[in-house]
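Below is one structure, written out as C-alpha cells; comments come after it.
Nothing in this text is a laboratory measurement; each read-out follows from the coordinates by a stated rule. It should be emphasised that the depicted structure is a prediction, and the values quoted were computed from it without experimental measurement. Backbone-built Cβ (ideal geometry, glycine too); neighbour counts: all protein chains shown.
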Amino acid sequence: MAATSPTSEKLSKGQKKMLRKQVKAQHVLRKNDGITTVSGPTEHLVIANGGLGNGVSRQQLLEVLQTFGTVETLLMSPNKPHALVTFRTIQEAREAHKGLNGQDLKTNGSSQPITLYVNFVEKVVHEEIPPLSLPPGLLVIEEFISLECEERLLAFADGNTHVTKENVQKSLKHRRVKHYGYEFRYDNNNVDKDKPLPGGLPEICGDILEQSMEKGYVKFKPDQLTINQYEPGQGIPPHIDTHSPFEDGIICLSLGAETVMDFRHPGGHSVPVMLPPRSLLVMTGECRYLWSHGITPRKFDVVPASEMPKTGIVSADASNLTLNKRGTRTSFTFRKVRKKPCDCAYPEVCDSQIDCKCTNPTPSVPASDGDASKLEHKYVHDVYDEIACHFSDTRHTPWPKVVEFLKTLPDGALVADVGCGNGKYLGVNKDLFMIGCDRSKNLVDICREKQFEVFICDGLLVPLRSGICDACISIAVVHHFSTEERRLSAVKEIVRLLRLGGKGLIYVWAMEQEHKKVKSKYLAERKGKCIQPQANCVTVQTGNDFSYINQDANKMDLTCLKQLPDVTKDSTVKQNNAKLPVHTNRTNFDSQDLLVPWHLRGVKSHHNADGVSALPPEVKEHAVYHRFYHVFSDGELENLCRDISNIRIVQSYYDQGNWCVIIEKC
C-alpha cells in the first residue's frame, strides 16, 4: 500500500523525494523479505536501512526509538537491512513514523550516514528459533589462560610474526603469520615431515601444551604451531585442515579481541560460535575431519545483545542480537604432525584414503548410442535415485522466469513437466492441469507424496499421445543427455507432445557463467570472486546452490579422479575414449562434457509408499556421486531447435547461468 503522506498542504520537493524512497523501501521489503506494509497507523513499524546488515547496532537504534516512547519489541535479524519494532501505543508509533522518516543515522561501520525509511505493518511476529548444538567434537574452554599469560603471548607474537608483503598478498589475505616446529606450505597445503624447523616450539607455549595434555584435549603433544594475527576486517576462508599432515586433535588459543568463527557441515548446516579472548578451541573427530571452519572478513560481528553467556553458539534469535566491533585477534594453533596415513571414519573426504583407494575407472566420452545410454544410466539415472531425498531438500524456490512462463498460460491448459524432479513447478499455477514425469523412481515417489500427477519415464520416450499438451517445460534436463543426437531427440519429444500453437520452455546449463560482464550466481556466490580451478580443494554441490570451500590453510581434493586430461577452454572433448573431466564447483567451465560432484551429507532416510527405504543399503552417509553434464555454449540450444522443422523460436535468453528458449509448434 502507498505510504502515508500529507494531503492538507502541497508537498515540497524534498518531501516528494522522501516519499518516493519510502514507497521504494516498501516494494523492496515485500519483494526480498515478504514484509507487507499498511497505511496505518498501528503500534508496529518496519524500519528500512535500520538493520544489523546496515551496520546499525541494537543499542544505537534503541536509543533513537526510545525518544518517541516505550519500545516493547525490537527484532533485528542477522545480516538483514531492516528492523521491526513495536511501541506500547499507536500514538508513540505514529510519532516515530513521523519523526524518523527520511532522517540520517550515523553508523560506526561507515563514514557516510544512512537514511531511515519507516512504514507501518499489521503485526510483528517473534519466531521461536530452535536451539543449535555445537558440532560433534568441538569444545570452547573459556578463560583457559590468565590475563598475564595473554599479555606475554601477545608480546611474543608481536615480535615474531612476519612475512614478506608478496607472500601476504599471495597466500594469506593480508594476515600476519609465523610457523614453528614445521613450516606449513600453502603451495601444497602440507608440511615437509623430513624438514623440521630449528628450535621446535617456543618455550613460552610449554604450560599451554602440558595443560592441554593433562585435561585430555589432545592425545599427542603438538609439535607444530601457526601464529596468525587478524586486524578488523580480516578473516580466513572456510576450510578443513588437511587430514594427511596432522593427527586428530587440533587446539587453537584466541588472544586479544573476541570474534565469531563459523562452522559448516558439508550438507549446509552452519553454526556460528563465539570465541572470547583467552579461550581454547578444541576440534576432534567429526568437527576436525568433516566440518569446515572459517572467519568471515568483516569489521563487526553479530553477537548476542545480552551479557551472558558470551561463549558458545550465537543464536539467530532476532530479539537478542546486536553488533560487536572487532579488534585485533591473535591465534595460536597447535597440531601434531602425522607419521602414518590417516585412517579416519570419513574416507570420502580423506586425502590419505582417496589417494590409496581411487580405483574406479574414469568414464569416457561415449562413442556410440549404446555407450551413451550406459553412461547416462550410471552417471544420471542411478545418481538421482540415490541422492533423491537430499536433492529434493535443496529444491525449494521455483525460478522466477519459469514461474512467469507458467503464469502466462490460459486457465485449464494441460502442461507436461518433462523431468519434473521433486515437482517444484507442478503446483506453481493452480489454474493449470499439470502432469510430471521423471526417470528417477525415488523423485517420482516424492512428487506423489505431494499429491502431484506424476509417472516414471525416460525423457526420450514419454508415454503420452502426440499433440495433447498446451505447453511443456523441460528445466535442467536436456543437458544430462550425453550426445548431440540424444539431446536433439529429447527436444523433438517435447515438440511431439505439443499441439499446434503450443509452447515449450527449455532450460540448460550454460558454459558461459559470465554474461554481459556479470557473473552468474554460481560464480558470484563466493563474494563476487571468480575462482579458477585448483588441484586441491573441497567441492560440495547441494542442488542449484554450490559451496566452494577454499582451503586457504589446508586443502584437499574430494574427487579422487585426478589423472584427467587438460582441456582448453571453449573446446569440447570429442575424441572417442577421451576421459571426462571432473568439474571444480564455483569455477568457470573448461569443458562442455564433464562430471559434476554431488556430496551426499547427513541425508535422512526416505521411505516410499510401501515403507521401503528408497536409498539402497550400500549408500553411505557421506558418499560422493558424479553426474554427467553437457553444458551448452552460446547459440547451441537455438541451433539445436533450428534442426526441428515444425517449431519456431519465440524467445531465447540467458537466465543466471542457463541458456533458455521458448518455442512454439507450428
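How big is segment 1-132 in terms of Cα radius of gyration and Dmax, in angstroms?
14.4, 54
Scan around residue 312 for amide H atoms under 5 Å from its own, H built in the peptide plane at 1.01 Å from N, and keep only partners 5 or more places away or cross-chain.
274
What order, most packed first, do the peptides 289-302, 581-594, 144-157 have when packing is the mean number of other Cβ atoms within 10 Å of each residue?
Top of the packing list down: 581-594, 289-302, 144-157.
Describe numerically, in nm with one decimal, the distance between label points set 7 Å from Cα along Cα→Cβ at residue 158 and at residue 448.
7.0
Along the Cα→Cβ direction, 7 angstrom out, place labels at residue 151 and residue 374. What is the inter-label distance in nm?
Each label point lies 7 Å from its Cα, and together they span 7.4 nm.
Given the Cα-Cα distance of residue 30 and residue 517 and 0.36 nm per residue of separation, how much length would full extension add, in nm? Before the final figure, lay out each step's value.
Details: separation 487, 0.36 × 487 = 175.32 nm, distance 2.87 nm.
Result: 172.5 nm gained on full extension.
Over 22 Å between C-alpha atoms is what I'm after, so list which of 299/521; 516/665; 80/123; 178/336; 401/424; 424/519 land there.
Among 299/521; 516/665; 80/123; 178/336; 401/424; 424/519, the Cα-Cα distance tops 22 Å for 299/521; 516/665; 424/519.
What does the extension gain come out to for residue 123 and residue 62, with contour length at 0.36 nm per residue minus their alpha carbon separation?
Here the segment from residue 123 to residue 62 would lengthen by 20.1 nm.
How big is the shadow of the Cα convex hull of segment 23-91, averaged over all directions, in nm²?
If you wrap the Cα atoms of segment 23-91 in a convex hull and average its projections, you get 4.5 nm².
Between residue 215 and residue 286, how high is the FRET efficiency from 1/(1 + (r/R0)^6) when r is the Cβ-Cβ distance and R₀ = 22 Å? Nearest 0.05.
Working: r = 20 Å, r/R0 = 0.91.
Here the calculated transfer efficiency is 0.65.
Can you compute the label reach from residue 72? Point 7 Å from Cα along the Cβ direction, backbone N cut-off under 16 Å, restricted to segment 119-144.
121-127
Can you list the aspartates and glutamates whose alpha carbon sits under 17 Å from that of residue 21, skipping same-chain ones fewer than 8 residues off?
Once the sequence-local aspartates and glutamates are set aside, what remains near residue 21 is 104.
Any chance you could tell me what percent of the C-alpha pair distances in segment 246-342 go past 23 Å?
I get 30 percent for the Cα pairs in segment 246-342 exceeding 23 Å.
Starting with the highest mean, order 42-51, 484-493, 366-375, 499-508 by the number of other Cβ atoms within 10 Å, averaged over the residues of each peptide. Intermediate results must be reported in sequence, preceding the final value.
Values: 42-51: 24.1, 484-493: 18.1, 366-375: 15.4, 499-508: 20.5.
By packing density, highest mean first, the sequence is 42-51, 499-508, 484-493, 366-375.
If a/c stays under 1.5 just call it rounded; otherwise compare a/b with b/c (prolate if a/b is bigger, oblate if not). Do that for segment 380-514, with a ≥ b ≥ c from the square roots of the Cα gyration tensor eigenvalues.
Values: a/c = 1.30, a/b = 1.11, b/c = 1.18.
Here segment 380-514 falls in the rounded category.
Taking Rh as the Kirkwood radius computed over C-alpha pairs, what is the Stokes-Einstein D of segment 179-249 at 25 °C in a medium of viscosity 0.890 mPa s, expressed in µm² per second?
Rounded to a whole number, D works out at 176 µm²/s.
Which log10 I(q)/I(0) values does segment 427-472 give at q = 0.19 Å⁻¹ under the Debye formula, counting every alpha carbon as one identical point scatterer?
-0.66
Could you pull the Cα extents of segment 197-312 along its three principal axes, largest to smallest, in whole Å?
42, 32, 26
To the nearest µm²/s, what D does Stokes-Einstein give for segment 371-434 at 4 °C and 1.567 mPa s, using the Kirkwood radius over alpha carbon pairs as Rh?
Rounded, D is 96 µm²/s.
Just to verify a number: FRET efficiency for residue 403 and residue 319, C-beta to C-beta distance, R0 = 45 Å, to 0.05?
0.85
In debye, nearest 20, what is the charge dipole magnitude of segment 194-272 about its Cα centre with +1 on Lys and Arg Cβ and -1 on Asp and Glu Cβ, if you could check?
Values: 5 positive and 12 negative charges, 40 e Å.
I would put it at about 200 debye.
With the crude spin-label approximation of a point 7 Å out along Cα→Cβ, what separation in nm comes out for residue 197 versus residue 112?
Output for this residue pair reads 4.2 nm.
Starting from 0.36 nm per residue, how many nanometres of slack lie between residue 666 and residue 484 once their C-alpha separation is accounted for?
My answer for the length gained is 63.2 nm.
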